1. Does the stretch 148-158 contain any residue that is more than 30 Å from residue 477 (Cβ to Cβ) and part of a strand (DSSP E or B)?
2. Name the residue that is farthest from the chain's Cα centre (by Cα), counting only residues in the stretch 407-420 that are farther than 26 Å from residue 447 by Cα and either buried (at least 18 other Cβ atoms within 10 Å of the Cβ) or free of Cβ contacts under 8 Å to residues at least 24 places away in the same chain (or both).
3. Could you tell me how many of the residues in the stretch 316-333 are under 17 Å from residue 288 (Cβ atoms) and surrounded by 14 or more Cβ atoms within 10 Å (Cβ to Cβ)?
4. Considering only the stretch 404-424, state which residues are under 20 Å from residue 469 (Cα atoms) and either touching a helix residue (DSSP H, G or I) at 6+ places or on another chain (Cβ under 7 Å) or assigned to a loop (DSSP other than H, G, I, E, B) (or both).
5. Which pairs have Cβ atoms under 6 Å, sit 6 or more apart or on different chains, and link a residue in the stretch 326-355 that is closer than 30 Å to residue 383 by Cα to one that is part of a loop (DSSP other than H, G, I, E, B)?
6. If you scan the stretch 517-539, which residues turn out to be crowded, with 16+ Cβ neighbours inside 10 Å and either within 28 Å of the chain's Cα centre (by Cα) or in a strand (DSSP E or B) (or both)?
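The values are calculated or read from the model by the stated rules, or taken from the named source; none is laboratory data. Keep in mind that this is a model prediction, so the values were computed, not measured. Glycine gets a Cβ as well: all are built from the backbone with ideal geometry, and neighbour counts include every protein chain shown.
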């Protein structure tokens, strides 16, 4: 794609017609009064849409799910999506370098974690190159996020392949909720400069829009000797969203983003990134129980690792979903499909052959929620998918939820999920002069998992709730590395690893006072890999997952009447087994002040218990260390 210089982008944004920017002088301002205070009652009544692809209360959803709200993100001082995801129950986030993270749910964590699926407003952030998320290029204006829904457990019966251990859906606010101006800027010991702005206005009484831009610089992380390994990097992103209410029962959305780390003030590229996306969505509510939604998007990415790898990829996707509740049944049926075309620049020893390929994925899903009694619901669901690598796959689920009282929900689920092959599984070739070290082939099969889950949510008193879930997984046909023939080389991918896991998650929320809120979470995981007879894979599963047994968080939020806020975040991650890495405990502290209704000033100290520490290590990780940091940020809303 054509690379737009940073200055040209700034000029384009500044050149918006003055009439557009000044269209609505009376638009509702986004000041302190609109910032929602953390509330236990509000969290219990939150609606989610990811578990069943329809709106429902989080409290009664038949799945393990946690919601990270916009207020959670603001008060955490998060600088990026991975930092925001640290707030989710059961989410393991390991930062291995300045712009590199490993993120997983219920295990199987590596830099290219392939057992979770991630979407933003229905647009997949997954890459069909290596079946993971390139978090360095996935961003948005964090102030525009409405909530992040973190589903623990498989939801492949609705969302398809890769939603094996969990699904993360990032949902941004409609344009009518982001009217007026927002500008923020700051600096820190590890983030020398960051600045962003957003303006929201309206074309008329039924059509609203917003535009935003953000730029930030990030210093590189440290090696074990405390030395920086590379120069600072920077990143620029801009985008827009338009929401129209064409009738009382019909909405239309169009939104898009452009991002780059090229042609910027700090042009020291460890990896060159740029891309754009454009999404459109139309929704019609025929009644409170019936709706139709159509969505389509195009996503283009460019990725360059000098002397190693280059990728250009364009993906187009379309989906349609119909929901109708009739009597005791609540039926959701839908179709989604995608085409992805890539061009791989094979400039290193690792190559993809053929260098160009178009792949597809198309699926039909059906879910029926049957209300057996006013307090008991059983949900049957299945998705059938056809893809370019393994042909047809199916993913069924059976879920049950019982709500005997408004304060109690009991649920259970049995699900099958899959991780289908991607480009590197079929097409990766590694060659050194005179020798083929590795050669993938089209014999690689789909990985599959059977998951058993059970959970309980209960509010024993008005100020305290707990959410407990337990799970058992049985994984088959996991990717292994084996000799392709009778000689040690070349190696190839086969499916001779298996695994079992068992564990549980606990979330506690306590609000003794309106101004004081606590949230604690804990995840336990016991994950064991085994080999099929005859397997020669000696990795012991390290290339597929390196996971701590224990992950825990304790967050505390105090809101003072004088406009001050105090937020503390204590987190613990136990040791990683293979490659081995000691566990760590660390603490973040945020001090916020609202001198007026329009201004917010915050001081954030991150990783305060250690000068530096390693968070994650894998066989292919950069294995850097995260440093203690202090960040000052100022935000203006009008």
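1. The first filter runs over the stretch 148-158 and keeps only residues more than 30 Å from residue 477 (Cβ to Cβ), leaving 148.
This time we only want the ones that are part of a strand (DSSP E or B), so: 148.
The answer is yes; a qualifying residue exists.
2. Of the stretch 407-420, the ones farther than 26 Å from residue 447 by Cα are 407-411.
Restricting the remaining residues to those that are either buried (at least 18 other Cβ atoms within 10 Å of the Cβ) or free of Cβ contacts under 8 Å to residues at least 24 places away in the same chain (or both) gives 409, 411.
Numbers: 409: 26, 411: 24 Å.
Looking at residues that are farther than 26 Å from residue 447 by Cα and either buried (at least 18 other Cβ atoms within 10 Å of the Cβ) or free of Cβ contacts under 8 Å to residues at least 24 places away in the same chain (or both), I get 409.
3. Keep residues of the stretch 316-333 that are under 17 Å from residue 288 (Cβ atoms), which gives 321-332.
Still in the list and also surrounded by 14 or more Cβ atoms within 10 Å (Cβ to Cβ): 321-325, 330-332.
Selection size over the stretch 316-333: 8.
4. Kept after step one, since they are under 20 Å from residue 469 (Cα atoms), are these residues of the stretch 404-424: 404-417.
Residues satisfying the conditions are 406, 407, 409, 415, 417.
5. Here the result reads 332/53; 332/54; 340/128, each pair linking the stretch 326-355 to a residue that is part of a loop (DSSP other than H, G, I, E, B).
6. Matches in the stretch 517-539: 517, 518, 519, 520, 521, 522, 523, 524, 525, 527, 529, 531.
Rundown of residues vs (1) closer than 14 Å to residue 416 by Cα; (2) in a strand (DSSP E or B); (3) touching a residue at least 60 places away in the same chain (Cβ under 8 Å); (4) out of contact with any strand residue (DSSP E or B) (no Cβ under 6 Å at 6 or more places or on another chain), yes/no style:
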site	(1), (2), (3), (4)
360	no, yes, no, no
363	no, yes, yes, no
368	no, yes, no, no
377	no, yes, yes, no
380	yes, yes, no, no
386	no, yes, no, no
396	yes, yes, yes, no
402	no, yes, no, no
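Residue-by-condition table, conditions (1) in a helix (DSSP H, G or I); (2) in contact with a strand residue (DSSP E or B) (Cβ under 6 Å, 6 or more places away or on another chain); (3) under 24 Å from residue 294 (Cα atoms):
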{"position": "52", "(1), (2), (3)": "no, no, yes"}
{"position": "62", "(1), (2), (3)": "no, yes, no"}
{"position": "67", "(1), (2), (3)": "no, yes, no"}
{"position": "87", "(1), (2), (3)": "no, yes, no"}
{"position": "92", "(1), (2), (3)": "no, yes, no"}
{"position": "96", "(1), (2), (3)": "no, no, no"}
{"position": "104", "(1), (2), (3)": "no, yes, no"}
{"position": "111", "(1), (2), (3)": "no, yes, no"}
{"position": "139", "(1), (2), (3)": "no, yes, no"}
